[in-house]
Amino acid sequence: MSQILFDRLPIELIHSIFNYLLANDIFYALFNLSPYLDFIITNYDRYYLNFKSCRRSQFDFVCRHIRPDQVVSLTLSDANDTPDQSQLFFSYFKDIEHFVQLRSLRIIQIDKNSLKPLCIGLSQLKLLSSLEFTQVHSVSEQFNNVIVQLFPQLNRLILYDARHLTATTTTTHPFSRLRHLTLGECWFVHLQRISHLAPNLTSLDINVQESTTWPVLNYDQIPPQSLIRLILNIENCSVTLDQIELLLSKLSRLKYFEIQAQGNDDLCDSLRWQMLVSHLKIFNFKFKLFLQLSNDKQQELLSSFSNPFWIVEKHWFIVCNQYEIYSVPRFAETSACESFLPPIYRTVSNERLFYDHIFILVLNKIDEQQLLADHHRFPHVRVLLLAKHLSLDTLRSLVDLSQVQYLKASLETFVQLADNMPRLRELALSSLSLNGLKTSGYEQIRILHLDKINFIGKNDEKRLFHMFTRVERFYVHGEMQSRRQMARFINGFHFLSYGSFEFEWLTTARFVLAYGSKLIRT
């Protein structure tokens, strides 16, 4: 009935729905359902195509049916779970220049063999305005030149490092359209280059890899004075508040500022910070301190950051310990164990903020009675690691199980919890013992890990094949008995698109079932 109703919707309304969906899902779910839908799908021309962590079967299906001129956004990934994806992509589409409507391109860990076909047509994408490259394995001069040619037309650029910014250009302002720039690795020298090449930047997010001292800088040239948003992560280099003040004094339009750095306790001067950032809407910081703060000093800092400006007007809260001072909730802990307690020295009174911010919970040395007595609950846990069995009632009182997406536990514990975890997709098994428990099929598990299990018998294998019929990615961490066992796993999981197997007895060799259906030894 629902299919018939959807089939009767006007084309304009279906197009509006497509605007909120990925092309992967549209083609895989709706193609070949009816001639009417097929007509709409084949004529729609604003597809967002995201192949990150995409199953091989879905990847092949979409590539066979979509036309390059229908795609406005494309993501390719040669990451661990989809190795060789880019090579497979270029076996379907020989040249990326045929993606004439492409506005956004995101490339994740691309293999060097795919750089050449990418370079050939990339400069022909005249509508491209957003480009992201992360962890390119090998950068050639040809690739660098192509990227530089694209700079003048880009509005948004994300690069793993700043090497491309050192390329010489003849245009006075080759990045004049660029508004948003993110650099995974750069140096202070690049800031001056950025200011010259991209004078109209409004957002800059950089990870500065500097030596031990802050260099002498020309603050009249860096950073671009048009900035509204600035995120600085400064590693290795010692920073003073004087240096930060000089930097901020040139940024009159700034509204969002975040900084991570290291230095002395002058970075903790709340009154100076108040004068520097009073015009900001959002301000977050995390400072690692060279000298240990005494308890009295920590208490003194809390008092200085507790005046009405910080607490009432801005609602900016901080935490400090012996060697750190940082904003919360932005830099609050996201992982915890059973002994977790909120920080002692903090300017926010509601400790629930800290429990609500925990997304990874590890329960190792578990005292069940103590857990119940503490009356603490972690409502937003996505990753749950259990070292031993806990009763269902205890876990329910501690965690919202319906939010858990990754579980590490014994097979017995998983079976007892599975019905209470509707969002669980990834499972790591630490033991295959069931102690007589009856099992059924668990189709929601798409990623399965066997974590350092000493022995996996054939009966264990058959049970896993029966229970986890929809596994797409399979990892064996520890020791496989033989290559024959590896072959049985590959054949036993019928939907498997990626597998990783470790052989500790074979000098820790690791075999990967690659995206292109071939076995790789790494």
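Within region 85-105, restricting attention to residues that are of a type in the set (D, E, K, R) and under 18 Å from Phe133 (Cβ atoms), the residue that is surrounded by the fewest Cβ atoms within 10 Å (Cβ to Cβ) is Glu97. For Lys314, indicate whether it is at pLDDT 95 or above and either closer than 15 Å to Leu241 by Cβ or basic (Lys, Arg) (or both). For Lys314, the condition - at pLDDT 95 or above and either closer than 15 Å to Leu241 by Cβ or basic (Lys, Arg) (or both) - is met.
Residues of region 149-169 that are modelled with pLDDT of 75 or more, under 15 Å from Leu183 (Cα atoms) and assigned to a helix (DSSP H, G or I): Phe151 alone.
Cβ separations smaller than 6 Å between residues 6+ apart or across chains give the following pairs from region 333-357 residues that are in contact (Cβ under 8 Å) with a residue 40 or more places away in the chain and under 23 Å from Ala387 (Cβ atoms) to residues that are in a loop (DSSP other than H, G, I, E, B) and not charged (D, E, K, R): Ala336/Ile358. Tell me, please, whether a residue that is more than 18 Å from Leu361 (Cα to Cα), crowded, with 19+ Cβ neighbours inside 10 Å and not small (Gly, Ala, Ser) can be found in region 415-433. No: zero hits. I'm trying to understand the selection: among the residues of region 476-495, which are modelled with pLDDT under 90 and either outside any helix (DSSP H, G or I) or touching a strand residue (DSSP E or B) at 6+ places or on another chain (Cβ under 9 Å) (or both)? Answer for region 476-495, where residues must be modelled with pLDDT under 90 and either outside any helix (DSSP H, G or I) or touching a strand residue (DSSP E or B) at 6+ places or on another chain (Cβ under 9 Å) (or both): His477, Gly478, Glu479, Met480, Gln481, Ser482, Arg483, Gln485, Met486.
Identify, please: which residue in region 438-475 is closer than 22 Å to Asn80 by Cα and of a type in the set (Asp, Glu) and is, among those, modelled with the highest pLDDT? Step by step, filter region 438-475, then rank; the result is Glu472.
Number of residues in region 219-271 that are closer than 19 Å to Gln192 by Cα, more than 30 Å from the chain's Cα centre (by Cα) and among the hydrophobic types (A, V, I, L, M, F, W, C) equals 1. When you scan region 227-238, how many residues do you find that are buried (at least 17 other Cβ atoms within 10 Å of the Cβ) and at pLDDT below 90? Looking only at that region, the number is 1.
The number of residues in region 104-128 that are assigned to a loop (DSSP other than H, G, I, E, B), of a type in the set (A, V, I, L, M) and either modelled with pLDDT of 90 or more or on the phi > 0 side of the Ramachandran plot (or both) comes to 3. Among the residues of region 325-351, just one is charged (D, E, K, R), modelled with pLDDT under 95 and out of contact with any helix residue (DSSP H, G or I) (no Cβ under 7 Å at 6 or more places or on another chain), namely Glu351. Annotation note: of Glu313, Glu351, Glu324, Glu338, the sole residue that is among the acidic types (Asp, Glu) and either crowded, with 16+ Cβ neighbours inside 10 Å or in contact with a Cys (Cβ under 7 Å, 6 or more places away or on another chain) (or both) is Glu338. The conditions of being at pLDDT below 95 and either exposed (fewer than 15 other Cβ atoms within 10 Å of the Cβ) or over 18 Å from Asn284 (Cβ atoms) (or both) are not met by Pro308.
Looking only at residues of region 434-468 that are among the polar types (S, T, N, Q) and closer than 20 Å to Phe501 by Cβ, we find that the one that is surrounded by the fewest Cβ atoms within 10 Å (Cβ to Cβ) is Asn454. When only residues in region 13-51 that are of a type in the set (D, E, K, R) and closer than 13 Å to Ser73 by Cβ count, which is surrounded by the most Cβ atoms within 10 Å (Cβ to Cβ)? Residue satisfying both the conditions and the ranking: Arg46. Scanning region 453-475 for residues that are part of a loop (DSSP other than H, G, I, E, B) and under 26 Å from the mean Cα position of the chain (by Cα) yields a total of 3. Among the candidates His196, His279, the residue that is part of a loop (DSSP other than H, G, I, E, B) and not polar (S, T, N, Q) is uniquely His279. Pairing each residue of region 300-311 that is under 17 Å from Gln322 (Cα atoms) with any residue that is in a helix (DSSP H, G or I), provided the two are 6+ apart or on different chains, yields C-beta distances under 6 Å for Leu301/Cys268; Ser304/Ser270; Phe305/Ser270. Scanning region 247-254 turns up one or more residues that are outside any loop (DSSP other than H, G, I, E, B), more than 24 Å from Leu353 (Cβ to Cβ) and among the aliphatic types (A, V, I, L, M). Just so you know, in region 404-429 the residues that are among the charged types (D, E, K, R) and touching a His at 6+ places or on another chain (Cβ under 9 Å) include one that is modelled with the lowest pLDDT, and it is Glu412. Taking helices (runs of 4 or more DSSP H) as the structural unit, those lying wholly within region 1-103 and holding at least 3 residues that are closer than 28 Å to Ile120 by Cβ and either at pLDDT below 90 or not hydrophobic (A, V, I, L, M, F, W, C) (or both) correspond to 56-65, 85-92.
The values are calculated or read from the model by the stated rules, or taken from the named source; none is laboratory data. All values reported here derive from a predicted model rather than from experimental measurement. Note that we place each Cβ from the backbone using ideal geometry, even for glycine, and neighbour counts take in every protein chain shown.
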